[in-house]
1. Given an 8 Å cut-off on Cα distances and at least 6 residues of separation, report the relative contact order of region 122-173 as a percent.
2. Kindly give the semi-axes, whole Å and largest first, of the ellipsoid equivalent to region 122-173, taking each as the square root of 5 times a Cα gyration tensor eigenvalue.
3. Which whole-number percent is the relative contact order of the chain (Cα, under 8 Å, 6+ apart)?
4. Sorted by average packing, counted as other Cβ atoms within 10 angstrom per residue and highest first, what order do 130-140, 79-89 take?
5. Remind me, relative contact order of region 12-97 in percent, using alpha carbon pairs under 8 angstrom and six or more residues apart?
6. Please compute one quarter of the surface area of the Cα convex hull for the chain and express it in square nanometres.
7. How large is the Rg to Rh ratio of region 12-97 when both quantities use alpha carbon positions and Rh follows Kirkwood?
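What follows is calculated from the coordinates using simple rules that are stated; it is not laboratory data. Quick caveat: nothing in here was measured; it's all calculated off a predicted structure. Quick reminder, even Gly has a Cβ in these numbers, built from the backbone with ideal geometry, and neighbours come from all protein chains shown.
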Amino acid sequence: MGAPRSRANGTAPMIVRRIAIAARLVHDGGVNLRSAASDISANTSGVPVVGEQLSAVVKSSITTAANPFVDFGTELEALILLLAGVISLLVLAVPLVPWLSRYLPWRLRRLRRLRAAHRVARSPHISSRAAEKILAARAVYSLDYQTLLEYSPDPFGDFVQGRHDRLARAELATVGLRLRR
């Protein structure tokens, strides 16, 4: 025996589907009435004396009676499809909106940091050697020891000896940039 089906599981789509089918049936019923009017009209046109007039009256009357069914069925089906689309968007929005409200601000902050770091690190007014020295100093003063050791076995020794490339690389990595040679 399978797991019990929850009441909400599949109920709403099934209702929407059944209403759409009912709308299609109303529309098809009107189309069938129009078709019957044409058939009756064709068969009565051969009746002597009144055939042509009877044929026109029958076709006009039944077609006039069928038109509201066709129109109603078409409009109801369109409404149901629109409602199904709106319901689908709402169901999609429930998990997506909270996620986007957390992700987008984080992504925008990260992008701003990346652009700012890129502008500072790639300044045309200072040499790449001077930029490396400044980035290395920033790394030594702001990064934790574990991060520094991931880029250099002796971070302080590298800084004092003027080997700034690894430390500059560590600082740029914090914002997602790489050292350009």
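1. Working: 53 pairs, mean separation 23.2, N = 52.
RCO, region 122-173: 45 percent.
2. Values: eigenvalues 69, 25, 12 Å².
Semi-axes, largest first: 19, 11, 8 Å.
3. Details: 143 pairs, mean separation 30.3, N = 181.
Contact order relative to length: 17 percent.
4. Numbers: 130-140: 19.3, 79-89: 12.7.
Packing order, densest peptide first, comes out as 130-140, 79-89.
5. Values: 74 pairs, mean separation 34.4, N = 86.
Here the relative contact order equals 40 percent.
6. Values: hull surface 98.6 nm².
Mean projected area for the chain: 24.6 nm², to one decimal.
7. Numbers: Rg = 20.0 Å, Rh = 15.1 Å.
Computed over Cα atoms, the ratio is 1.33.
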